[in-house]
Amino acid sequence: MSIYRRPLEEIAIDPAPHFSLVPKPLDAVLGRLLIPSQISLLHGPSRAPLTALAHLVTVCAAKANGQRSVYLHAGNNYSPTLARSLCGRYQDASGILQRIAVGKVLSLSDIEHELSLIRDTERVQVVVVDSLTSALDLSDDVTGPGRQRKLFHTLETIREFVNHSSAHVMMTDHSSPNWSSGEPSPIGGNVVAHNVDSVVRVEKLDVGTDNLVTILVERCPLPDPPTGVVIRLSAKNISSIK
């Protein structure tokens with residue numbers, strides 16, 4: 001399969017996201033990175049906060065302009081109950097949920113296949129992949145350089161998709177400690193790091209039962225990049241700590 005590439009000068013870069021997140025402090029950090037035609041990666045040691053944020057981004061995108069969003073998951077990550085809760089007090093909650101397309105991806109090849117289907121249908125605001133790690137682990141070749149080559153090919157396919165569709169692709173990924181520094185780094189190593197536009201670390205704060213989560217921007221293309229934010233994240237809601 002040949003990868004379609006567009007010259008950089010032919011790509012119209014839209015510097016502003018087309019939808020907003022709630023609460024506002026989260027939008028001022030994570031929301032600013034959800035730029036059309038770009039790829040972001042959220043990583044952390046715990047799946048629950050990543051999955052909750054994946055739901056929030058999907059719902060907020062579906063709220064905006066009546067457009068669709070897509071949630072791809074590699075297990076039983078999608079929760080209609082959580083998605084409905086995140087719709088808030090909108091009277092059109094059912095309409096919002098109907099604009100979210102949900103699909104299972106059990107391998108890296110499945111991600112590529114789903115993207116090929118999406119690009120030929122109506123325009124979507126965002127595609128969320130929750131999680132890249134699960135799809136990677138479920139792929140046929142789970143050891144050695146073969147898996148990394150397959151991951152590189154999938155990331156190239158995602159890049160071609162965002163260039164063609166102007167959608168934003170946000171992926172979640174598990175973290176593991178770097179062997180030299182001890183700092184958490186996304187599964188997939190340099191292959192992932194070199195093929196996404198923004199990298200965000202998501203971690204729970206060990207402060208009792210407050211359900212606080214810190215979101216730290218490690219890398220992004222913005223000239224005035226945000227640093228981070230702390231939010232309160234429960235099983236049914238995501239809110240500001242103020």
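Here are some notes:
- Take every pair of alpha-carbon atoms less than 8 Å apart whose residues are at least six positions apart; their mean separation over the length of the chain yields a relative contact order of 26 percent.
- Dimensions of the range 122-242 along the principal axes, based on C-alpha atoms and rounded to the nearest Å, stand at 45, 40, 32, largest first.
- In the range 74-137, the portion of solvent-accessible area held by carbon and sulfur atoms comes to 47 percent [1.4 Å probe, whole percent, DNA, RNA and ligands not counted].
- Segment THR121-GLN148, length gained on full extension (0.36 nm per residue, minus Cα span): 6.8 nm
- Peptides 66-79, 216-229, 165-178 ordered by packing proxy, namely the average of other Cβ atoms within 10 Å per residue, highest first: 165-178, 66-79, 216-229.
- Considering only the chain, percent of DSSP beta bridges that pair antiparallel, nearest 5: 40
- Lys pairs under 20 Å by Cα in the chain, provided they are eight or more residues apart or on distinct chains: 8
- Gaussian network model of the chain, Cα within-10 Å springs - most flexible of LEU106, LEU30, LEU117: LEU117
- Whole-number percent relative contact order across the range 67-138, with pairs defined as alpha carbons under 8 Å at least 6 apart: 53
- Projected area averaged over orientations for the chain, convex hull of C-alpha atoms, nm²: 13.7
- At least 20 Å along the helix axis (C-alpha) and Kyte average at least -0.5, DSSP helices within the chain: 47-63
- Cα centroid separation, the range 95-119 to the range 197-233 (Å): 26
- Column: log10 I(q)/I(0), Debye, Cα scatterers of the range 160-209, q = 0.20, 0.28, 0.31 Å⁻¹: -0.82, -1.18, -1.29
- Per residue of the chain, the DSSP helices (runs of n ≥ 4 H) give a summed -39500 (n - 2.57) that works out to -9500 deg cm²/dmol at 222 nm.
The values are calculated or read from the model by the stated rules, or taken from the named source; none is laboratory data. Every value quoted in this text rests on a predicted model; they were computed, and no experiment measured them. With ideal geometry, Cβ positions are generated from the backbone for all residues, glycine too; neighbour counts draw on all protein chains shown. With ligands, DNA and RNA removed, areas are computed over all heavy atoms of the protein, side chains included. Shrake-Rupley method; radii C 1.70, N 1.55, O 1.52, S 1.80 Å.
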